[in-house]
Each structure stands twice: as C-alpha cells, then as structure tokens.
Amino acid sequence: LLLRRGRRRWRDRGRRDRGGEHRGRRHLVGKRLGTVDGADLEVTVTVRNSGARAGRDVVQVYAARPDSAVDRPVRWLVGFAPVQVEAGGQVTVTVPVRTRALAHWDVGHGAWTVEPGTFTLLAGRSSGDLPLQADVEITGI
C-alpha cells in the first residue's frame, strides 16, 4: 500500500517547500493486533520509505463501530505515533490503544462503558487515508 508524500508546494499561500519537510514515498506494509495488560490493545505497523530522502510522518489509528447501539461518529481517533524513516529504510511502530478510547459515557450508569462487540481498527496517515484495518472483538470489560 503506497503512501506518497512528495515535496509540498504550498501553492495556496504562495510559499515554496519549507526546509526539512521533504518526505519520500512511504508504504504501510503490515499490521498486527495484540492484547496488552489484559484489556488494552496495541496496533503495530511497518512504515517503509521508498524515497531518496529521510522523512517523518504520523501513524494514526482510528476505531469504527457501524453497528453500535449508541450514537457514535463514523470513526474516531484512538491513538497515534510519530515515525521517522531514513531514505530506503523501514521502521516498525507500535501505537497503544487504551480501552478507554473505545468507551462512551453511559448516562444511566454515570460512568464510561465499553460496548461489547466488534470494533474495526483502521491505521494510516490521516482519517482520509486508512489503508490498513483489522477487527477486534471486545467482550465484557
């Protein structure tokens, strides 16, 4: 899955590329979900820079729950991690996702509650570019 970010032109502001923000092409090449400390999760992705220059980016992880019984956004940010990758290199980055990020406020109980069921975790560079996804089943937390 190709993530491209070349030179920024800043055409709308009439500025040229800002120094140090040259980013090569990057690929998210894999994903792995695991359980940490009982209920918290971690999402691990590998970011590969196929460009000729070192680059920086932020891996963002979003959650989605289309069949939720409560009103929720289509997807919401649950974790992120900055990553720096040398030219031609690759880096594995782990993004922690706390169970609290999956919770909603239950007015009836007056507490944060995690709705049991399947959540989809999506990873990528922005909310509009989420090429990786995995489903995780949450039970009785």
Task: Surface share of carbon and sulfur [accessible, 1.4 angstrom probe, percent] for region 86-134 - done: 53 percent
Open item on the list: Just to make sure I understand: if all protein chains stay in place, what is the order of Thr92, Thr46 by accessible area at 1.4 Å, largest first?
Closed with: Thr92, Thr46
- [ ] Mind giving me the nanometre distance, one decimal, between the label points for Gln133 and Ala81, set 7 Å out from Cα along Cα→Cβ?
- [x] 2.2 nm
Open item on the list: Suppose accessible area is computed on protein heavy atoms with a 1.4 Å probe; arrange Glu115, Glu86, Glu42 from highest to lowest.
Closed with: Glu86, Glu42, Glu115
Task: Inter-label distance, nm, simple model (7 Å from Cα along the C-beta direction), Ala54/Glu42 - done: 2.5 nm
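The values are calculated or read from the model by the stated rules, or taken from the named source; none is laboratory data. These numbers come from a predicted model, not from an experiment. So basically every Cβ, Gly included, is an ideal-geometry build from the backbone, and we count neighbours across all protein chains shown. Just the protein is used for accessible areas: all its heavy atoms, side chains included, with ligands, DNA and RNA removed. Shrake-Rupley method; radii C 1.70, N 1.55, O 1.52, S 1.80 Å.
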